[in-house]
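The values are calculated or read from the model by the stated rules, or taken from the named source; none is laboratory data. Being a predicted model, the structure only gives us computed values, none of them experimental. Here the Cβ is made from the backbone with ideal geometry for all residues, glycine too, and neighbour counts use every protein chain on show.
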Amino acid sequence: MAAEELESTRDQLAAVSRRLSAALTPKDPYAHMPCLLEIRPGPGGLEGRFFADTLFRMYKQYCSRKGYRAEVIKYETADAAGDQSTAAGESPLQEAIVEIHDPGAYDLFRGEAGMHRVQRIPATEKNGRVHTSAVAVWVLPSFQQDGGGDGGGGGGGAQDIDNPESDFYIDPAEVKIETMRARGAGGQHVNKTESAIRMTHLPTGTVVSMQDSRSQSRNREDAWKLMRSRVALIRREAREEAAAQLRDSVLSQHRISRSDKIRTYNYNQDRVTDHRAGVDVHNLDDVINGGESLDRVVDAVREWLVSADIAAMMAGEEASAKKAQK
């Protein structure tokens, strides 16, 4: 009985410690905002496109189960791959963008950013060889243009699209806008009206294209939203990079870029491994179907993020102290 009570007390203390650490860690400046999930195939050719579609559906099903308001902003399959799909219903996805409208979604999903690697035998493989492919996931803060001010959270005008000091502000004179005819599936509407929009932010070279809606005005609105989110992230990363160069080199050990392989989905071993959190979860089918097994991965990554943020903060304080002593 005493041993059971001791174990229960340890579990409670561990839970309190995690909550306390999260409460004391400075919040990400975009933590309160909705987010955009961008999914694109990486190395791996057609197999990478198929797995990109798997991740797209995983996040959609996860949002549905958790009650998050998810909207597909963009979904494009690869032209070269034709209309083929796998027996599992995977399409050759070229790019997908999902907007999650709930406040705080950015904080919930920011740990998903990075390269997701898959190891499995492709449906097109006749010799039973395991192939390795990768899919890139971006997580961007999404500014609600009709939400006013700070997007429903803190930060004052930091997310104000009309404030030149805001990360989300873009001078229209610095954006090249082109209209063109939509391509791909769409029936008789395709190639008859110039509803597709392509925007280029000249200072950063950021390019955004939208053609999912038959309405040019809707495509233009979605393109502006995505452009602001991408440019805001570029500006923030530039600030963080400049700040990191002024700190001790230990800080870089706790940072992870979008090019890092953060997670592996191994079909033969029925296992998902998150390399940052050091967690292995079996029941891969439940993970890719957005089930409770995915909760275990996401929760472990969020705990890792808190630990990494604390380590980075301590490293920054140590570096500042050393600099002050010189």
- prompt: Considering ASP248, ASP260, ASP274, which residue is at pLDDT 95 or above and over 20 Å from PRO29 (Cα atoms)?
  reply: ASP274
- prompt: Which one is surrounded by the most Cβ atoms within 10 Å (Cβ to Cβ), of the residues in the stretch 119-141 that are of a type in the set (S, T, N, Q) and touching a residue at least 60 places away in the same chain (Cβ under 8 Å)?
  reply: SER133
field: GLY114 vs. criteria closer than 27 Å to VAL272 by Cα, buried (at least 21 other Cβ atoms within 10 Å of the Cβ) and modelled with pLDDT under 95
entry: yes
